[in-house]
Amino acid sequence: MGKTSEPPVLVRRMDRAFDLLSRICTILAGAALVIMTAIFAWLVFGRYVLNDTPTWVEQVSLLLVMVIAFLGAAVGVNQNTHLSVVLFRSIVPSWLRTGFVIVTDVLMAGFGGMMFWYGTELTAFKWNTLIPLIQWSEGLRSLPLTVCGALVCLFSTGHLIRLFLGWDDRKDSIE
């Protein structure tokens, strides 16, 4: 399919929605990082100045690390900045490279779908258990995994749609 000057409406709408989701994830991950930095500052202040170590900091930090890691990973999939090995794609002919890209996107979508499915089960299973020291739901630990899985599946499927419509502009994918 030949490119026109502007992508089809479906691609434009999909890109806008995915960009918005990525922005929201980036803001949430950034806020989690700032909050984690602030509570560690409180931990140090409490330990060395007040001589009263706040015990809840570790548990809240673990939750925040999950948010940062999983939302960041989902954004990386959308923006094609996630860790990948491109050696094989770089040394094969263009037609085979396209096949590698398709297989990679299908595997990523499947992996994201499995993360979402099993993350949902894990979150539901753990929801009524409380995290010691902070008394929040244990399900909050696996909720970022679940959200990331849904986003990875969605973003990878979006890459496939763009590829099949002839609008895949990822730098490393197809030349």
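Given the options F45, W136, P7, identify the residue whose Cα lies farthest towards the positive end of the charge dipole of the chain (+1 on Cβ of Lys, Arg; -1 on Cβ of Asp, Glu).
After comparing all options, I get P7.
Which ³J(HN,Hα) values, rounded to whole Hz and listed in residue order, are derived for the stretch 34-48 from phi using the Karplus coefficients 6.51, -1.76 and 1.60 in 6.51 cos²θ - 1.76 cosθ + 1.60 with θ = phi - 60°, glycine and proline given as x?
Each residue of the stretch 34-48 in turn: 5, 4, 4, 4, 5, 6, 6, 4, 5, 4, 5, 4, x, 5, 9 Hz.
Under the Karplus relation 6.51 cos²θ - 1.76 cosθ + 1.60, θ = phi - 60°, what is the ordered set of whole-Hz ³J(HN,Hα) values for the stretch 51-64, x standing for Gly and Pro?
6, 9, 6, x, 7, 6, 4, 4, 5, 5, 5, 4, 5, 5
Along the Cα→Cβ direction, 7 angstrom out, place labels at L10 and F88. What is the inter-label distance in nm?
Placing both labels 7 Å along Cα→Cβ, they lie 2.9 nm apart.
What are the extents of the Cα atoms of the chain along their three principal axes, in Å, largest first?
Principal-axis extents of the chain (Cα, largest first): 67, 34, 33 Å.
HN-Hα J couplings of the stretch 69-75 from phi, Karplus 6.51/-1.76/1.60, θ = phi - 60°, integer Hz, Gly and Pro as x?
Whole-Hz 3J(HN,Hα) from phi for the stretch 69-75: 5, 6, 5, x, 5, 5, 5.
Which order do the peptides 100-113, 62-75, 127-140, 147-160 come out in when sorted by mean C-beta neighbours inside 10 angstrom, highest first? Intermediate values should be presented prior to the final figure.
Working: 100-113: 16.7, 62-75: 20.0, 127-140: 13.6, 147-160: 21.9.
Top to bottom by mean Cβ count within 10 Å: 147-160, 62-75, 100-113, 127-140.
Quick check: the angle from helix 143-164's long axis to the longest principal axis of the chain, C-alpha only, nearest 10 degrees?
With rounding to tens, the tilt is 10 degrees.
How large is the charge dipole for the stretch 9-164, taken about the Cα centre, if only the Cβ atoms of Lys, Arg (+1) and Asp, Glu (-1) carry charge, to the nearest 20 debye? If you can, show how the numbers build up before the last one.
Working: 10 positive and 7 negative charges, 103 e Å.
Taking the Cα centre of the stretch 9-164 as origin, the dipole is about 500 debye.
Which far-off residues, 5 or more places away or on another chain, put their amide H under 5 Å from the one on W136, with H placed in the peptide plane?
Amide H neighbours of W136: I131.
How far, in degrees from 0 to 90, does helix 94-126 lean away from the longest principal axis of the Cα atoms of the chain, to the nearest 10?
30 degrees
Need the full-extension length gain, I161 to I24, defined as separation in residues times 0.36 nm minus the C-alpha distance. One decimal, nm.
Contour length minus the Cα-Cα distance gives 47.1 nm.
Taken together, the values in this text are just the output of simple stated rules run on the coordinates, not laboratory data. As the structure is a prediction and not an experimental result, all values here were calculated from the model. Reconstructed Cβ throughout: ideal geometry from the backbone, glycine too, with neighbour counts over all protein chains shown.
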